[in-house]
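The structure appears below as structure tokens.
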Amino acid sequence: MRRDHIVALQSAAAQRRPVAFATRLPDGAAFILPDRNAPDRLAAEAAAMLAGDRTGVVTIGAETWFIESRNPAPRAIIIGAVHIAQSLAPLAATMGFDVVVVDPRRAFASADRFPDVATNTSWPDEALDALKPDSRTAIITLTHDPKLDDPALGRALASDAFYIGALGSKKTHAARLDRLRDAGITDAALARICAPVGLDIGAVTAPEIALSIIAQMVAARRGKPARP
């Protein structure tokens, strides 16, 4: 692999920018896609590979290409370092998500409570501005505190996050929606919020609720209905 390709791939990874690395067999000609100079059919095949998180060999006319998808890892941003988060964070990590727990209450977002989990003690809106949620990001609010959850949801709804979930009863969520509408968020945008969060599996305990949330996140990521 050429040095300029290595540098470009490292830059894309640092920016969480999805790219495909296409190598023509057997001569080794290569493109990092998207690339306006790449042949149209190669660009289309690479885009399909990226969308499906797939890597493999494709034949385009008389040419054979090996296309490697280099998508950033899916990411779970959890707002609220609460008991459910203590179960959800490690579970999400085992499912391949990069996990960040956001809570300005430093006593909650501590290394003792969240060993081996990245924490951010900024206010949620500031944290999300810095984290820049993308289409491979799930955002889950768990605090029940409008001062924390509402700004986070506002930022989440302005992003390309593939999943947005909010803990709370139907009554709590109805009040939340009224506040967000008053803040100027449209009903079409609010419909993106999965609330009450998680698939309806009769969950009661924190680990069970975490399981219901991760199942809903995976369903959303894989293009399945995120609601029962």
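Filtering 78, 60, 84 for residues that are closer than 30 Å to residue 144 by Cα, out of contact with any strand residue (DSSP E or B) (no Cβ under 6 Å at 6 or more places or on another chain) and aliphatic (A, V, I, L, M) leaves a single hit, 84.
Keeping to segment 197-214, report how many residues are crowded, with 17+ Cβ neighbours inside 10 Å and at negative phi. So that I can check it myself, show each step before the final result.
Keep residues of segment 197-214 that are crowded, with 17+ Cβ neighbours inside 10 Å, which gives 197-199, 203, 209-214.
Filter once more, so that each one left must be at negative phi: 197, 199, 203, 209-214.
Total satisfying the criteria: 9.
Filtering 100, 57 for residues that are surrounded by 18 or more Cβ atoms within 10 Å (Cβ to Cβ) and touching a residue at least 24 places away in the same chain (Cβ under 8 Å) leaves a single hit, 100.
For segment 106-139, which residues satisfy the criterion of being among the aliphatic types (A, V, I, L, M) and either modelled with pLDDT under 95 or part of a loop (DSSP other than H, G, I, E, B) (or both)?
Initial filter on segment 106-139 (among the aliphatic types (A, V, I, L, M)): 107, 109, 111, 117-118, 127-128, 130-131, 138-139.
Residues satisfying the conditions are 107, 109, 111, 117.
Filtering 84, 67, 78, 32 for residues that are closer than 30 Å to residue 141 by Cα and part of a strand (DSSP E or B) leaves a single hit, 78. The number of residues in segment 20-61 that are over 18 Å from residue 6 (Cα atoms) and either among the basic types (Lys, Arg) or outside the structural domain of residue 9 (by TED's automatic domain parsing) (or both) comes to 3. So is residue 73 in a helix (DSSP H, G or I), surrounded by fewer than 15 Cβ atoms within 10 Å (Cβ to Cβ) and either at pLDDT below 95 or not assigned by TED's automatic domain parsing to the domain that holds residue 208 (or both) or not? No; evaluated as a whole, the condition is false for this residue.
Of all the numbered requirements in (1) out of contact with any Pro (no Cβ under 9 Å at 6 or more places or on another chain); (2) of a type outside the set (Phe, Trp, Tyr); (3) surrounded by fewer than 19 Cβ atoms within 10 Å (Cβ to Cβ), residue 131 misses one, and that requirement is (3). Whenever a residue of segment 140-166 is part of a strand (DSSP E or B), its partners that are at pLDDT 95 or above and among the basic types (Lys, Arg), lying with C-beta atoms within less than 9 angstrom and at least six residues away or across chains, give the pairs 163/192; 164/192; 166/176. Looking across segment 1-51, the residues that are of a type in the set (Gly, Ala, Ser) and touching a residue at least 40 places away in the same chain (Cβ under 8 Å) come down to 12, 13, 20, 22.
Note on segment 165-194: residues that are closer than 14 Å to residue 148 by Cα and at pLDDT below 95 amount to 1. If we keep just the residues of segment 185-228 that are touching a helix residue (DSSP H, G or I) at 6+ places or on another chain (Cβ under 8 Å) and β-branched (Val, Ile, Thr), which is farthest from residue 88 (Cα to Cα)? My answer is 185. Take residue 101 and tell me if it is touching a Phe, Trp or Tyr at 6+ places or on another chain (Cβ under 6 Å), more than 15 Å from residue 221 (Cβ to Cβ) and not assigned by TED's automatic domain parsing to the domain that holds residue 125. The answer is no for residue 101.
The values are calculated or read from the model by the stated rules, or taken from the named source; none is laboratory data. Everything numeric here is computed off the predicted structure, so don't read it as measured data. We place every Cβ from the backbone using ideal geometry, glycine too, and count neighbours over all the protein chains shown.
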